[in-house]
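For reference, the structure discussed in these notes is given below.
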Amino acid sequence: MTGRLTENDIRDAYFDARKMDMRDPEFHMSPRTWCEVRNIKDDNGRFLWQNAMLNGDRDRLLNLPVNIDRTIPDGEVRLQDRWDTITLRGEMP
């Protein structure tokens, strides 16, 4: 993938995780990447991100938990469970 991460990139990873039968997958990304990803909207103008303050839980992306990890490089998003990882890479502005 080249360019910035898009809604389609994130949705593709989500559906790939379902095809792989991942158990309890979670998104992992750097704080800077999270600042970019949480602004991504779907075709209807709705954010893919769900705020923890509104749902009383952790931040979520496509209803999966998000973990902020400073050790992950900026521009990289990982969707992982205990056994498998899907890695997305995009450019940061």
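The values are calculated or read from the model by the stated rules, or taken from the named source; none is laboratory data. Predicted, not measured: the structure shown is a model, and the values here were computed from it. Neighbour counts are summed over all protein chains in view; Cβ atoms, including those assigned to glycine, are modelled from backbone coordinates with ideal geometry. In case anyone asks, the SASA skips ligands and DNA or RNA and just uses the protein heavy atoms, side chains included. Shrake-Rupley method; radii C 1.70, N 1.55, O 1.52, S 1.80 Å.
General observations
- Sites matching trypsin sites (Lys or Arg not before Pro) across region 1-72 that sit in DSSP coil, with at most 14 neighbouring C-beta atoms within 10 Å: 4, 23, 46, 58, 70
- Cβ charges +1 (Lys, Arg) and -1 (Asp, Glu), total dipole of the chain, debye: 140
- With both labels modelled 7 Å from their Cα along Cα-to-Cβ, the residue 32 to residue 46 distance reads 3.2 nm.
- Applying 1/(1 + (r/R0)^6) with R0 = 25 Å to the Cβ-Cβ distance of residue 82 and residue 12 gives a FRET efficiency near 0.70.
- Here P(r) over Cα pairs in 5 Å bins from 0, in percent was computed from the coordinates, and among (i) 3, 13, 23, 21, 16, 10, 6, 4, 3, 1, 0; (ii) 3, 14, 26, 27, 21, 8, 1, 0; (iii) 2, 11, 14, 15, 17, 14, 12, 8, 4, 2, 1, 0 the match is (ii).
- Taking the 1.4 Å solvent-accessible surface of the chain as the whole, the part contributed by carbon and sulfur is 43%.
- Cα centroid separation - region 30-46 against region 48-79, whole Å: 10
- DSSP bridge orientation in region 16-93 - percent antiparallel, rounded to nearest 5: 80
- Of all the options 25, 65, 73, the one that moves most in a Gaussian network model of the chain with Cα springs shorter than 10 angstrom is 73.
- Measuring how big region 21-62 is from its alpha-carbon positions, Rg and Dmax come out at 11.3, 29 Å.
- Low-density loop positions, chymotrypsin sites (Phe, Trp or Tyr not before Pro), the chain - DSSP coil, at most 13 other Cβ in 10 Å: 83
- Where region 34-93 is the region considered: accessible area per residue in Å², 1.4 Å probe: 66
- Computed over the chain, the per-residue total of -39500 (n - 2.57) for DSSP H runs of n ≥ 4 gives a 222 nm mean residue ellipticity of -7000 deg cm²/dmol, rounded to 500.
- Distance between the modelled labels on residue 4 and residue 20, one decimal in nanometres: 2.6 nm (7 Å Cα→Cβ projection).
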